[in-house]
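Report on the structure given below.
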Amino acid sequence: MTDSEALRTPVDPDRQAPPSSRRLWWELGIVLLLSLGASALWSVLQFIDVSTRDRPIGEQQVALNPSRSDRAWLDLAYQLTGIALDVVPVALVCWLLWRMRRPHLGALGIDGARPIRDTAWGTALVLVIGVPGLALYFAGRAMGLTVAVVPSPLDAHWFTVPVLLLSALRAGLTEEVIVVGYLFERLRRLGWGTWPIILAAAALRGVYHLYQGVPGMVGNVAMGVLFGWLYARTGRLVPLIVAHTLIDVAVFVGYPWAYATFPALFGAS
């Protein structure tokens with residue numbers, strides 16, 4: 001190979017010297033504080049807030065995808081901007097783990113090789129996670145340990161349902177790409193074993209859902225353990241993204257319908 005050919009040859013990132021442990025820890029901290037680590041901090045503060053008020057947790061409420069403005073066009077602008085900004089950390093993670101050779105996002109468990117099978121598998125996971133999750137919510141409400149989740153009405157604006165679908169996709173992407181794909185890749189490089197990674201990722205998932213109450217945190221830790229175990233066994237992230245997105249579609253769209261149709265079941269006044 002001539003010198004000019006060598007200059008034109010792209011550098012293979014797999015042959016570069018791996019980043020130091022110190023650099024990886026700094027990177028982890030920055031990525032998490034720009035995304036779900038920050039959500040965990042806010043969630044802890046919210047839990048402290050609701051648990052130290054005179055009213056019991058079971059009598060308090062949290063709004064699900066609330067409207068940001070009483071003017072439709074501005075509410076839409078708020079919602080779309082929020083969704084776009086929330087997926088920026090996902091873009092950052094993809095940039096950090098991008099490979100020159102295909103599959104470009106193989107380090108995140110995304111290769112696009114089996115889209116139909118991955119989608120079918122993710123759909124099947126919805127039943128495994130969704131039904132116990134709903135039961136846990138009702139149990140938490142019955143025991144007064146879970147805040148009442150009040151959804152936005154589906155007929156608020158013409159764009160409400162499309163925005164809720166985008167919000168569900170946003171949640172599936174941000175949580176699974178960062179908390180599973182990214183954390184697994186980086187913590188493995190730092191020498192962590194499989195189960196410590198699974199438990200650490202599941203604990204993070206539980207903490208940023210703590211604002212719902214302790215049962216909500218426990219349910220999300222269990223979901224995190226299952227997702228982490230599946231990812232460790234298969235190395236495939238798309239089924240987890242599909243499952244999470246569909247669960248949130250049911251919560252964001254199906255839950256408001258059920259809440260309006262059967263208000264007594266959800267403790268609505």
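Table: residues versus (1) at pLDDT below 95; (2) in contact with a helix residue (DSSP H, G or I) (Cβ under 9 Å, 6 or more places away or on another chain); (3) not aliphatic (A, V, I, L, M).
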position	(1), (2), (3)
V161	yes, yes, no
R170	no, yes, yes
L173	no, yes, no
P196	no, yes, yes
L199	no, yes, no
L204	no, yes, no
V214	yes, yes, no
Y231	no, yes, yes
Query raised in the report: Could we say that L136 is assigned to a helix (DSSP H, G or I) and either under 18 Å from the mean Cα position of the chain (by Cα) or of a type in the set (V, I, T) (or both) here?
Result: no
Query - Test for L154: is it touching a Phe, Trp or Tyr at 6+ places or on another chain (Cβ under 8 Å), of a type outside the set (S, T, N, Q), at pLDDT below 95 and surrounded by 21 or more Cβ atoms within 10 Å (Cβ to Cβ) - result: no
Requested in this report: Starting from residues that are touching a residue at least 40 places away in the same chain (Cβ under 8 Å) and loosely packed, with under 15 Cβ neighbours inside 10 Å, keep the ones in region 20-29 and report whichever is nearest to R189 (Cα to Cα).
Outcome: S21
Requested in this report: Pull up region 30-78, narrow it to residues that are free of Cβ contacts under 8 Å to residues at least 40 places away in the same chain and polar (S, T, N, Q), then point me to the one that is nearest to T160 (Cα to Cα).
Outcome: S69
Report task. Give the residue, chosen from R117, R101, R141, that is surrounded by fewer than 19 Cβ atoms within 10 Å (Cβ to Cβ) and touching a residue at least 60 places away in the same chain (Cβ under 8 Å). Result -> R101
Report summary line: Every listed condition ((1) closer than 26 Å to S51 by Cα; (2) in contact with a Ser or Thr (Cβ under 9 Å, 6 or more places away or on another chain); (3) hydrophobic (A, V, I, L, M, F, W, C)) holds for F184 save (1)
Requested in this report: Taking I110 as meeting all but one of (1) of a type in the set (A, V, I, L, M); (2) assigned to a helix (DSSP H, G or I); (3) in contact (Cβ under 8 Å) with a residue 12 or more places away in the chain, write down the number of the exception.
Outcome: (2)
Query - Any hit, region 240-254, residues being without any contact (Cβ under 8 Å) to a residue 24 or more places away in the chain, over 24 Å from V44 (Cα atoms) and either under 14 Å from the mean Cα position of the chain (by Cα) or part of a helix (DSSP H, G or I) (or both) - result: yes
**Report entry** Top-ranked residue of region 120-138 - restricted to ones that are in contact (Cβ under 8 Å) with a residue 40 or more places away in the chain, of a type in the set (V, I, T) and surrounded by fewer than 16 Cβ atoms within 10 Å (Cβ to Cβ), ranked as farthest from V249 (Cα to Cα)
**Finding:** V128
Query - Options L190, L199, L210, L165; residue that is crowded, with 17+ Cβ neighbours inside 10 Å and either more than 23 Å from V128 (Cβ to Cβ) or of a type outside the set (F, W, Y) (or both) - result: L210
Query raised in the report: How about region 68-98: which of its residues are surrounded by 13 or more Cβ atoms within 10 Å (Cβ to Cβ) and part of a loop (DSSP other than H, G, I, E, B)?
Result: R68, V87, W98
Requested in this report: Answer yes or no: is there a residue in region 74-88 that is touching a Pro at 6+ places or on another chain (Cβ under 7 Å) and among the small types (G, A, S).
Outcome: no
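The values are calculated or read from the model by the stated rules, or taken from the named source; none is laboratory data. Predicted model only: the values in this text are computed from it and were never measured. No Cβ is skipped: glycine too gets one built from the backbone with ideal geometry, and neighbour counts run over all protein chains shown.
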